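The values are calculated or read from the model by the stated rules, or taken from the named source; none is laboratory data. Keep in mind that what you see is a predicted model, and the values were worked out from it rather than measured. A quick note on method: Cβ atoms are made from the backbone with ideal geometry, for glycine too, and the neighbour counts reach across all protein chains shown. To get the accessible areas, we keep the full protein, side chains included, count just its heavy atoms, and leave off ligands, DNA and RNA. Shrake-Rupley method; radii C 1.70, N 1.55, O 1.52, S 1.80 Å.
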Amino acid sequence: MTRKRVKVGRDHVQRLIGTSPQKAIEELIWNAFDAGGNRVEVKLRFNNMSGVDRLDIIDWGPGILPTELDRAFGNIGNSIKAQKQTNPDDRAYHGREGKGRFKALGLSPVAVWETAFRDDGTIRKYRITLRRDEPDYFDATDPADSKAKSTGTRVILDGLDKGHQSLARDDVRDKLAEEFAAYMTSYPGVSLVWDSRPIRIEDVINRRTELDVLSADDQGGPASMLVIEWKFKPDGKRLHICDENGFSFHEIPAGVHARGIEYTAYLRTPNTREWNESARFVVQELDDEVAGVVNAAKERLREYVRARMAEDAVSVVQEWKDEEIYPYGTDEPTDPLAKAEREVFDMIAVQVNEQHPSFEKSDAQAKRLTLALIKQALESNPSNLTKILREVVSLPEEDQNALAELLDRAPLANLIRAGRLVADRLDTLHAFEHILFDADWKNQLLERTQLHRLLVHEIWMLGEEYMVGGDDDSLRDVLSKHLEILGRKELAPSVDVKLIDGKGGIPDLMLYRRRKVDRDGFEHLVVELKRPRDRLGQDETSQIKKYAFTVAKDERFKTSKCSWEFVLLGNDLDDFVIQETSSANLPEGCLFEGNGVRIWVRRWADVLNDARARYEFFREQLNIEASHTKGLETLKARYPHLFEGRGARKAKDLALTAASRRA
């Protein structure tokens, strides 16, 4: 048995682990296709609760040679694939940085690679093991002769603790078909088997169309697009940005609505791999070249959707023309703008006809009036009225009745604001994740005048139940506010508390809430923020403990009616803090507990995941596509002064924010 270390920090490896179960299994399948062989099979074992408790991902490639082990598992960003253009079967590689294998640890605490390779005509076999609790190490057994009849690799994830329910759902097959459709179209000889059943792309496709987007002479070209219409309903209409071989490196909402047409678009350009390797998707909103190609693809997609919807509308429109109720007459438009407007009108009017039974049953005069109103709405304000009209009139009768019932109980404006709140908060979470973990952002973000002020405004991320009790005040003022909250104002003027080392201190935020079990009881949360680029170490934990112990030792604040939760919050922890917060007698992440005080160290990733989990149900029901781009736009619009220069301190921030809201 040989143990070796991955040549990268543990914190970096741990960040690679985090992803959804669906994305993790897709990454492992991509790795299997890259390994070689024309077949990849995923075997599932189910437990008594009908959940998946084991996954085997099998390929029939040449296996992992022992001479390539260090490059395959010991490096990130220096994978063997980086020096080769194609795999042993002459297919282009999908990944080249050696990151995908760590996604396995997002599903199971232990991941094992059983690999068989050919050595001078003899097949030999050995095992490689990764563990979630030590992701920066890997173990490898010594190769031994094997009775296996063929080479290949089997990835074994036994004892899934994440994704065991979601991967048992029937729609996993549809999602895999959507992910690998472009690749399997480019390489029709490969096959993918999920739970003993082949995924046949042709069985789930209604229509496949190739579109030209940009020629080789155009800026950003060449680029083409494959549009696949599905027999199932995917999770939103997506635009995948692929290389010329159909490998998807990035995906975004397509942004082109087409009611009744379930599609996925695959933009293909040889520029994609270079964009991915230079991390240009991360800052897509700032990259003119990437945005230019994507916008050209979306415009081509709009033309395609309009044409498809117009196809379906031809027969209905012809009936209206025959009845002489069609508001545009019988002449065909020659101007491109008029033609586009006519196609949009036909799509909306046909939806009214299909989804609104009373329209279809009405007399010719009523139909003529309705069609004329739709035409007027398009001409007066097409960007808003058309969308609203199309969505409302196309609701099934059951949903129309439900909407009417809701409007009896709450104003429409309130329903809209509630949906907008969920969408905004999901976008905000993505924006915070971007500015906290993107290398450029976190190296520039200032602790008190930017990050701190943004968190004050978006305090719901730490918990809906908290109210701001103190904001960047001295420890003495925080404790004074604590006394006032308890109704003991007479002691507030006399409070003058120093840290246990005799120095003053300034905690970032103090939040409080009443305990549900006792209306007179309060729980306080004191948060100490650190810059994203600063790793939390012994100095930072000493600081938060000083704050906490100052409270604990002061007799004026020893009361059964309040408790204190002190939290040190940052991006990464050093090895000292990881050990310090891994006591067998305390919960994970807890530094100290006693005398009504608990001290925690938390990562921003955990805070964002907890907040995102609170909104996940609503996101699924609303089918909202969250975007860090939209979130950043919203934050910059609300608090522009915090993104300019070095941000703003408390007084200036509050004044400018209040003025912006009044405006």
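Tabulated values for the structure
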{"read-out": "Gyration tensor (alpha-carbon) shape descriptor, region 90-192, a/c threshold 1.5", "value": "oblate"}
{"read-out": "Long-range HN-HN contacts of residue 573 with modeled amide H, under 5 Å", "value": "536"}
{"read-out": "FRET efficiency estimate (nearest 0.05) - Cβ-Cβ, residue 244 to residue 200, R0 25 angstrom", "value": "0.55"}
{"read-out": "Point-to-point label distance, residue 3-residue 588, nm (Cα→Cβ direction, 7 Å offset)", "value": "2.1 nm"}
{"read-out": "Theoretical gain in end-to-end length, residue 190 to residue 574 [0.36 nm per residue, Cα-Cα removed]", "value": "133.8 nm"}
{"read-out": "Length released on extending from residue 335 to residue 19, taking residue separation times 0.36 nm less the Cα-Cα span", "value": "108.9 nm"}
{"read-out": "Neighbour net charge for residue 228 - beta-carbon separation under 9 angstrom, K R +1, D E -1", "value": "0"}
{"read-out": "Backbone HN-Hα couplings from phi across region 164-176 [Karplus 6.51/-1.76/1.60, Hz, Gly and Pro as x]", "value": "5, 8, 5, 6, 8, 6, 5, 6, 4, 4, 5, 5, 5"}
{"read-out": "Region 587-663: C-alpha gyration tensor shape, a/c 1.5 cut-off, then a/b vs b/c", "value": "oblate"}
{"read-out": "Whole-number accessible area per residue in Å² for region 578-627, which is evaluated in the context of all protein chains at 1.4 Å", "value": "58 Å²"}
{"read-out": "Extension gain from residue 131 to residue 119, taking 0.36 nm per residue of separation minus the Cα-Cα distance", "value": "1.5 nm"}
{"read-out": "Loop-located GluC sites (Glu not before Pro) in region 579-612 whose Cβ has at most 16 other Cβ within 10 Å (DSSP)", "value": "588"}
{"read-out": "Qualifying trypsin sites (Lys or Arg not before Pro) for region 287-349 [loop in DSSP, other Cβ within 10 Å: at most 14]", "value": "none"}
{"read-out": "Shape category assigned to region 524-619 from the gyration tensor of Cα positions, a/c cut at 1.5", "value": "oblate"}
{"read-out": "Coil-residue GluC sites (Glu not before Pro) of region 598-663, DSSP, other Cβ within 10 Å capped at 16", "value": "644"}
{"read-out": "Simple spin-label estimate for residue 614 and residue 443 in nanometres, 7 Å along Cα-Cβ", "value": "3.4 nm"}
{"read-out": "Inter-label distance, nm, simple model (7 Å from Cα along the C-beta direction), residue 169/residue 365", "value": "5.1 nm"}
